[in-house]
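This report refers to the structure that appears directly beneath it.
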Amino acid sequence: MPQTFRVIFEMDGEEVGVDVPEDRYILAAARDAGLDLPSMCEMGWCTTCAVWIICGRIDQSDSWRYYEADREAGFGLICTGKPLTDLRLRPGATRAMREFRRSKGLPAPRATGL
Ligand code: FES
């Protein structure tokens, strides 16, 4: 039996909790729970699904492009991220993550126009 973690999303002033098994992508579990969250590539590349990690840790080993600097700056890609702990996340970090990437000279896809 996989371990299940509690993931709290901070959404427009309200909090929504979702139980996510350790072997499941956070985005897929959140959508099953009824949350409407953006995505595009769903491969951990485009940053459309980026969140701020307020607390907790995410396994990003399935993400195409995810850097230690992203983790240190508190960004996560939930399309290909699995929980390693209980989490508190704030969606809507796409633009901030891309600006951060550019400031560090790291790839910052522009495909979605954000
Ligand atoms: S949807 Fe592209 S990185 Fe998550």
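Here, each number is a calculation from the coordinates, and none is a lab measurement. Computed from a predicted structure; not experimentally measured. As a convention, Cβ positions derive from the backbone with ideal geometry for all residues, glycine included, and neighbour counts pool all protein chains shown.
Within the listed set 37, 89, 27, the residue fluctuating most in the Gaussian network model of the chain (springs between alpha-carbon atoms under 10 angstrom) is 37. For 49, 41, 55, the sequence from fewest to most other C-beta atoms within 10 Å is 55, 41, 49.
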